[in-house]
Each structure stands twice: as structure tokens, then as C-alpha cells.
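Peer 1: So that we are looking at the same thing, I have put the structure below in C-alpha cells.
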Amino acid sequence: MSEHDADLDTAAPDSGQQETPALPSPRPTVAITAATPDGEPEVEVDRPRAGWPTVPDRRQGALHAVTTAAAELRFVHEQPASLEQSLALARQGAWTTTRTGPLRRAAVVHVWCIQVPVLVIGALIAWAARTPGRLWTVALLVLTVATALDQIPVVRLLVPEFLTWPYWPPFCWFN
């Protein structure tokens, strides 16, 4: 019988549990010698070394914290409300007791003027960014169309400058 087996056999027979040997500490330890008042060494004690965890441990901890936080966000697991559902909530939702009136009209105007443009643009960006090939194809197409529309004097006022080819290097170097 080995020394390890002898350690495991030291459990009390009536407890029904086996005693497990102590596992080594995951942190490095330093042997510290305690001294008596007259200066003679008394006992050597192993204590965990103080300090920061290793770099991979910190990275793993940070990665775990980020993934845990992201998993708790609602939009990670749930589909957003459709435009039809948003309009129905504005017209008939239980957020106010009034069925008609200026508050309901303001909510409908809010849906059409703010939510619809933001959700449509966000959905188009999400659709374009779903795959890298689609993203770069759409980006090149948008830059080309915006540059062409930027040549029309009245339409030029509506096209943001960052959507045109001359805004980006190396094309901006030639203007």
C-alpha cells in the first residue's frame, strides 16, 4: 500500500466520506521561517505568495466577465419589436389610460419620426454586417452611389461627405 493510499484510509469509518489529500495551492508559495524572540528558527511555514495572478488568468477572468455581461443583455437573446408592434403599442398600448388625445398622437408621431428611421437604418446596417463579403460589397456600393449623387448640386446637400470616395485615402490626397 502506497503512502497516498494510507492518507485516504484515514477517514472515519462511520462518516461515510473519504478524506481527500490537500491539493497544492494554484499560486506559488514561499517558505517563511518564523523566529523566536531570541533569534532561533522555530518553524518553516508555507504561505501563498502575494501578488497579481498570471496574465492568462487575468485575461480569462476578463473574458469571462465580458461574456457573462453580454449574455445578460436582452438584445442578445430576444428579437427586437417589429415596426408594426411599435406602432400598435403607440396606438393601443397600456402605457397610458387614455385611448385618444394628444399623448397618443405624440406617441404615433414619435414612432414614425424617430423609431422607424432609426430601426430601418439599424436593420440595414445589421443585415450588411452579417458577413464580411456582404459588408465590403455594400460599403463599396454605397461609396460609389453616394459619390455619384454628390455630383448633383441639390442632392449634394443631403449626402454626408464621409460617404464619398474623395473623403477616404488615397483619394483625399489628390484633392
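Peer 1: Just by accessible area at a 1.4 angstrom probe, what is the order of 112, 165, 173 from largest to smallest? Show your work: numbers first, answer last.
Peer 2: Details: 112 140, 165 65, 173 180 Å².
So the residues, ranked largest to smallest area, are 173, 112, 165.
Peer 1: Answer with one residue from 173, 128, 102: the one whose Cα lies farthest towards the positive end of the charge dipole of region 83-175, charges on Cβ with Lys, Arg +1 and Asp, Glu -1.
Peer 2: 102
Peer 1: Can you send over the carbon and sulfur percentage of the accessible area for region 56-136, probe radius 1.4 Å, protein chains only?
Peer 2: Numbers: 4550 of 6720 Å².
Carbon and sulfur: 68 percent of the exposed surface of region 56-136.
Peer 1: With the other protein chains left in place, how much accessible area per residue, in square angstrom, belongs to region 66-106 at a 1.4 angstrom probe?
Peer 2: Details: 3530 Å² over 41 residues.
Value returned for region 66-106: 86 Å² of accessible area per residue.
Peer 1: Could you size up the charge dipole of region 71-148 around its Cα centre, putting +1 on the beta carbon of Lys and Arg and -1 on that of Asp and Glu, and report it in debye to the nearest 20?
Peer 2: Approximately 240 debye in magnitude.
Peer 1: Right, next: Using only the heavy atoms of the protein chains and a 1.4 Å probe, how would 113, 172 rank by accessible area, largest first?
Peer 2: Numbers: 113 95, 172 50 Å².
Correct descending sequence by accessible area is 113, 172.
Peer 1: If 105, 91 are ordered by their accessible area, calculated over protein heavy atoms with a 1.4 Å probe, which sequence runs from highest to lowest?
Peer 2: The residues order as 105, 91, largest area first.
Peer 1: What Kirkwood hydrodynamic radius do you get for region 79-135 when you take the inverse of the mean 1/r over all pairs of distinct Cα atoms, in Å?
Peer 2: On the way: mean 1/r = 0.0784 Å⁻¹.
Evaluated over region 79-135, this radius sits at 12.8 Å.
The values are calculated or read from the model by the stated rules, or taken from the named source; none is laboratory data. Predicted model, so just to flag it, every value in this text is computed and none were measured. Using ideal geometry, Cβ is built from the backbone for each residue, glycine included, and neighbour counts are taken over all protein chains shown. For the accessible areas, the whole protein counts, side chains as well, though only heavy atoms, and no ligand, DNA or RNA atoms are used. Shrake-Rupley method; radii C 1.70, N 1.55, O 1.52, S 1.80 Å.
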